[in-house]
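The values are calculated or read from the model by the stated rules, or taken from the named source; none is laboratory data. Keep in mind the model is a prediction, meaning the values are calculated, not measured. Cβ coordinates were reconstructed from backbone atoms using ideal geometry, including for glycine residues, and neighbour counts include every protein chain displayed. Note: accessible area is taken over every heavy atom of the protein model, side chains too, but ligands, DNA and RNA are not part of it. Shrake-Rupley method; radii C 1.70, N 1.55, O 1.52, S 1.80 Å.
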Amino acid sequence: MLAKGSGGHGRRQRYPPRNARLPLASALIHMPYEHQQIEQEARRKWKELGVYRVANDPSKPKYYVLDMFPYPSGAGLHVGHPLGYIASDIVARYKRHCGFNVLHPMGYDSFGLPAEQYAIQTGQHPARTTEVNIARYREQLDNIGFSFDWDREVRTSDPAFYKWTQWIFLQLFGSWYDRRADKAAPIATLIACFEQNGFCDEGRRALTGDEEIEAPSFTAEEWKAFNEREKEAILQHFRLAYRSEAWVNWCPALGTVLANDEVKDGVSERGGHPVERKRMPQWSMRITAYAQRLLNGLDTLDWSDSIKEAQRNWIGRSEGALVRFPVVGGDELIEVFTTRPDTLFGVTFVTLAPEHALVDRITTDAHRASVAAYVEEAKNRSERERQADVKRVSGVFTGAYVKHPFTGEEVPVWVGDYVLAGYGTGAVMAVPGGDQRDWNFATHFGLPVIAVTEGADISKEADERKDATICSEGFLQGLKVPDAIKRAIDELEKLGTGERRINFRLRDAAFGRQRYWGEPIPIYYKDGIPYPLPESELPLKLPEVDKFLPTVDGEPPLARAANWNYQGHPLETTTMPGWAGSSWYFLRYMDPHNAGRFASPEAINYWQQVDLYVGGSEHATGHLLYFRFWTKFLFDRGWINFDEPAKKLVNQGMITAYSERIYLHKFGSFGSTSSNTFTYPDEVWTPVNVALPHSVQEFVSADVYERFQGDSEYFSRYTPVNVPIHCVKNGILDINTFMTERPDLMASVFICHNGFVLGSDGIPRREYRQNDLIEYKEPATLAFRTLSEPIVEKMSKSRYNVTNPDDIIAKYGADTLRLYEMFLGPLEQSKPWDTNGIEGTFRFLKKFWNLFHAPAEAASKADDGATPGQARSDNAALVSDEAPTKAELKILHATLKKVTEDIEKMSFNTSVSQFMIAVNELGTLKCNKRAVLEPLVIALAPFTPHIAEALWEKLGHHTSVTLAPWPPWQAEHLVEDSFSYPISFNGKTRLQLEFPIALDPKAIEAAVLANPEVQARLEGKAPKKVIVVPKRIVNIVV
RNA sequence: GCCCGGGUGGUGGAAUGGUAGACACGAGGGACUUAAAAUCCCUUGGUCCGCAAGGGCCGUGCGGGUUCAAGUCCCGCCCCGGGCACCA
């Protein structure tokens, strides 16, 4: 032990160790960076000091950083998950350093299908598995060192939380959208209107605006005479949460209804089960009432263009006209929506969706059979079939005709499945001359095609140009399309057969799920009429059930519960969808323990909107739309004072990963063939017959597979399958590791170019059959190759390409993981995970650490007061209080400037680079000066909080580095006296010349031209032009 | 088909219209070591000329254009990724 205590004088400072334990002398000479101990100690300290606890403190400016909370699945976190969390954590920590009171909470979206599916399989209560999964998530999150205030944790499945989800539901149920004020209002105000004026004529128009409401008209007297059931039936047309007959995506396999965005390619997003369209009573959310405001609000948000665009497309606003076609010989009207009323003179038929309500009523007897058959067929065709079969044109004539509003001509009415029941009115006026689908339909069925625009060649295709001139007969002839549209609508309104109409693609959101693991809907039924549960009855807790399955009569699981009623009246048995809790959770974090309100007005008023919201772009049209919708609703009703939930949204890119693939015999096994042998037609192995047990899976290595690319018969028998990446090294599968991972594949054979291995014993063999004698060879060293071509795909457990953060943290520490994930590239880009580069960030942290623990040689040079070569005898750092040099200050302030600016831009990869540059340069300068290192520790703390905490302590501080003020950069340290100008000729750099910054451009030009080398390049000719850009470049044009 | 991203070394990536390839990985060479690990130093876009010092040419998906100057701006394409889609 060397010179203990001698550092107490002289310039080198020493700080008392927190830790009385004396490390080994050998380790002291060069204190290594021991991440495990450092990180544990830092976490212990944070917990002890409670540094991440945040109070609602109105004296400080607030900043709200929110992550999209995770669904706690059984698989735990992989390295893709924390990417966004790390980024938001850096911002949260940075803002804290800058003096903001930062709300940075985390919680769990803990209702959901997988827990329920697991419960069905195992009988374990979803609450239990959810609990276990949450504990695992928490442990992993803690290991990464996030600065979440866990006292504010929320769980959507916690009754104390879902009480308020139910409460908001009741408010939605008790509200309607008042078009006159363009906001939601209590349903009582609507009832008052009805009592006073009824619902007819002008009053009706005022209340509904452009909205199409199916409710009948009635007078005030009629309203008063309605019984309760009749009144409620009418109110259901207005309530924001309502029950009505609706076309829903019914998934028989899941026994539930899915929202449009939960259906992908005609199958359920979770599970991939087929989905069919079905009409049934259904709880819905009237999000369509907010369509225009959801659209307008986008302009005020600092969200990525792609997300905003996705929402715009999803809302799908289109302007056009509603046109009514009277049915000939009946009193029905067929209403169609069109964006092109200018093409009305080109209408040659009208097409109804197979599900359209009028199909039955207008079909003539002669066509009844064929229409019924077609409708039946079209309805039974799954979405998937329709999708797979885009080219097919199908339809049938109803026998009915409608009257053209302008010409009075009779136009046939067809049914076609290219018309969707859920969009517009479920009927189209077909203009084959102006719409390609109509053209296809007309051509297929030999219906007339009329040219509507000048220059159209309707024999080949429809003309959909929107800048054309109308050529069809009638008053629109000669007008440009936009003018013709206006004129046509004017004419329709004059005739009373149509009007201007704005249509949205957005549909109301299905809100009921035939499921157990979700929030119960707080509604009971009296005589079949839905009534809201009184607020005092909330939360309506999930009841116990014997099984998590539907009942035998297909009722949802809640119907199994005993006493599932309120004062003898049955309670609703469907539960809320996954997006209910996540639509408002950001408010609960503001005041998570409030028992009397979803959050106090003071808390809401203080925290306001989320300042930064970070999450995946896959929520573009689902969560992020409902999130905005509920916020606007709560705003309308006065519970919050802002109508957008998040000012800024950043989408982290997905982490992709390299997958490893081998090939599997598609038809199960070769053992099932009669010969029980495998013939492997290799030039080396000709032929090899291997006797094997029955029913084994056969894998072949990728090089074997690739060698037979020419043999399509061989080729087609195999299909690529992923294998866990950690079972693969340098493209070679370790079969024994693979077997421990996948014991289910024990009865498999792995065939490679020079032999084979049985999964059951892992012994490599080669067996020849020559002249009917089987020859056994010495065990070969086998290289079972995976596909050499790299496969990059989304990181997910099902693709066996996940990397677990726990392993990385164990090996390198959380700080390295955090830094590396940020260093990988721009946050918003998707990028491949590849641990190859992680060494670089780990080395950086070691170098940074070593600046404070200079090895003996460096320390002795920096030291001018103590014995050369001495080292600390304790855990303190070796920093000097010497004044920094100009060069050192320049490095420091350049770094502070770059990092500060980059965090504001969320450009974390470039800040990490800057830190690396700084540490490399300070290392070269052997700088161990406090004045330089201390600000760097603070600046690095948001990125790598653990090491920063440890060094901060070594610098003698007893508080947490988390609370240190952000070091501002000072421009005076960055001023340069001179600049090395690149001298270019015609834009090509040829040489460098250094000039003082202060020198004016004229003088620089003269100096450059006087330079001998420049003279030589000019060869005596005068330059055409010389451009001098101060502090940038000199360009000589010759 | 439509909408949104994106194409830069062997790899991840950097670059207010102003020296393309910062930083890092990998690779090659060297130092230290009995050796390894760790660490440090040098080289590293391609190509050509030169013994060397050094120098030339090409180069940011492709083709044009604007500009003294283009990875960056404009026009026309190609390719990759993601999203949406019989949307009237």
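Remarks
- When we screen A:Pro592, A:Pro539, A:Pro543 for residues that are part of a loop (DSSP other than H, G, I, E, B), within 30 Å of A:Asn56 (Cα to Cα) and not assigned by TED's automatic domain parsing to the domain that holds A:Ile640, the only hit is A:Pro539.
- Failed condition for A:Ala918, given (1) open to solvent by less than 40 Å² (accessible area, probe 1.4 Å); (2) away from RNA strand B (no atom under 11 Å from the Cβ); (3) at pLDDT 90 or above: (2)
- The residue that is nearest to RNA strand B (Cβ to nearest atom), among those in the stretch A:325-350 that are surrounded by fewer than 24 Cβ atoms within 10 Å (Cβ to Cβ) and of a type in the set (S, T, N, Q), is A:Thr339.
- Hits in the stretch A:546-580 - residues which are outside any loop (DSSP other than H, G, I, E, B), surrounded by 17 or more Cβ atoms within 10 Å (Cβ to Cβ) and not hydrophobic (A, V, I, L, M, F, W, C): A:Pro557, A:Arg560, A:Tyr566, A:Thr575
- Selection within the stretch A:809-843 - open to solvent by 10 Å² or more (accessible area, probe 1.4 Å) and hydrophobic (A, V, I, L, M, F, W, C): A:Ile809, A:Ala810, A:Phe823, A:Leu824, A:Leu827, A:Trp833, A:Phe842
- Residue within the stretch A:429-440 that is away from RNA strand B (no atom under 11 Å from the Cβ), closer than 17 Å to A:Thr348 by Cα and either β-branched (Val, Ile, Thr) or open to solvent by 10 Å² or more (accessible area, probe 1.4 Å) (or both) present: yes
- Test result for A:Val1014, of a type outside the set (Phe, Trp, Tyr), surrounded by 15 or more Cβ atoms within 10 Å (Cβ to Cβ), within 16 Å of RNA strand B (Cβ to nearest atom) and at pLDDT 90 or above: no
- For the stretch A:506-536, a tally of residues being touching a Pro at 6+ places or on another chain (Cβ under 8 Å) and in a loop (DSSP other than H, G, I, E, B) returns 9.
- For the stretch A:108-140, filtered to residues that are farther than 18 Å from A:His273 by Cα and assigned to a loop (DSSP other than H, G, I, E, B), the residue that is most open to solvent (accessible area, probe 1.4 Å) is A:Gln124.
- Close pairs (7 angstrom Cβ cut-off, 6 or more residues apart or separate chains): within 17 Å of A:Asn986 (Cβ to Cβ) in the stretch A:1006-1028, open to solvent by 70 Å² or more (accessible area, probe 1.4 Å) anywhere: A:Arg1017/A:Arg990; A:Leu1018/A:Val1038; A:Lys1021/A:Val1038; A:Pro1023/A:Val1038; A:Lys1024/A:Val1038
- Count of the stretch A:956-997 residues which are within 16 Å of RNA strand B (Cβ to nearest atom), part of a loop (DSSP other than H, G, I, E, B) and surrounded by 15 or more Cβ atoms within 10 Å (Cβ to Cβ): 0
- Among the residues examined, A:Arg368 qualifies as open to solvent by 80 Å² or more (accessible area, probe 1.4 Å), in the same structural domain as A:Glu493 (by TED's automatic domain parsing) and at pLDDT 90 or above.
- Close pairs (6 angstrom Cβ cut-off, 6 or more residues apart or separate chains): polar (S, T, N, Q) in the stretch A:450-464, open to solvent by less than 30 Å² (accessible area, probe 1.4 Å) anywhere: A:Thr453/A:Asp463; A:Thr453/A:Ala468
- The residues in the stretch A:449-466 that are touching a helix residue (DSSP H, G or I) at 6+ places or on another chain (Cβ under 7 Å) and closer than 19 Å to A:Thr407 by Cβ can be counted, and the count is 3.
- Complete set of residues in the stretch A:811-839 that are over 26 Å from the mean Cα position of the chain (by Cα) and in contact (Cβ under 8 Å) with a residue 24 or more places away in the chain: A:Tyr812, A:Gly813
- Residues that are of a type in the set (Gly, Ala, Ser), open to solvent by 20 Å² or more (accessible area, probe 1.4 Å) and within 12 Å of RNA strand B (Cβ to nearest atom) are absent from the stretch A:446-454 altogether.
- Filter result (outside any helix (DSSP H, G or I) and either more than 8 Å from RNA strand B (Cβ to nearest atom) or under 30 Å from A:Val411 (Cβ atoms) (or both)) within the stretch A:294-324: A:Leu301, A:Asp302, A:Trp303, A:Gly316, A:Arg317, A:Ser318, A:Glu319, A:Gly320, A:Ala321, A:Leu322, A:Val323, A:Arg324
- Close pairs (7 angstrom Cβ cut-off, 6 or more residues apart or separate chains): touching a residue at least 12 places away in the same chain (Cβ under 8 Å) in the stretch A:300-320, more than 8 Å from RNA strand B (Cβ to nearest atom) and open to solvent by 80 Å² or more (accessible area, probe 1.4 Å) anywhere: A:Leu301/A:Lys647; A:Asp302/A:Lys647
- Conditions (1) assigned to a loop (DSSP other than H, G, I, E, B); (2) small (Gly, Ala, Ser); (3) in contact with a strand residue (DSSP E or B) (Cβ under 8 Å, 6 or more places away or on another chain): number failed by A:Ala451: (3)
- Screening A:Lys460 on (1) at pLDDT 90 or above; (2) open to solvent by 70 Å² or more (accessible area, probe 1.4 Å); (3) part of a loop (DSSP other than H, G, I, E, B) shows it passes everything except condition (1).
- The set of residues in the stretch A:484-533 being open to solvent by 50 Å² or more (accessible area, probe 1.4 Å) and free of Cβ contacts under 8 Å to residues at least 60 places away in the same chain consists of A:Lys486, A:Asp490, A:Glu493, A:Lys494, A:Lys526.
- Subset tally (residues that are open to solvent by less than 40 Å² (accessible area, probe 1.4 Å) and more than 7 Å from RNA strand B (Cβ to nearest atom)) for the stretch A:407-420: 7
- Pairing residues of the stretch A:149-169 that are of a type in the set (A, V, I, L, M) with residues that are in a helix (DSSP H, G or I) and open to solvent by less than 20 Å² (accessible area, probe 1.4 Å), at Cβ distances under 7 Å and at least 6 apart in sequence or on separate chains, gives A:Val154/A:Phe161; A:Val154/A:Tyr585; A:Val154/A:Arg588; A:Ile168/A:Trp630.
- Meets criteria (modelled with pLDDT of 90 or more, under 34 Å from the mean Cα position of the chain (by Cα) and aromatic (Phe, Trp, Tyr)) for A:Tyr566: no
- Leading residue by the ranking (surrounded by the most Cβ atoms within 10 Å (Cβ to Cβ)) among those in the stretch A:612-647 that are within 16 Å of RNA strand B (Cβ to nearest atom) and either among the aliphatic types (A, V, I, L, M) or part of a loop (DSSP other than H, G, I, E, B) (or both): A:Leu624
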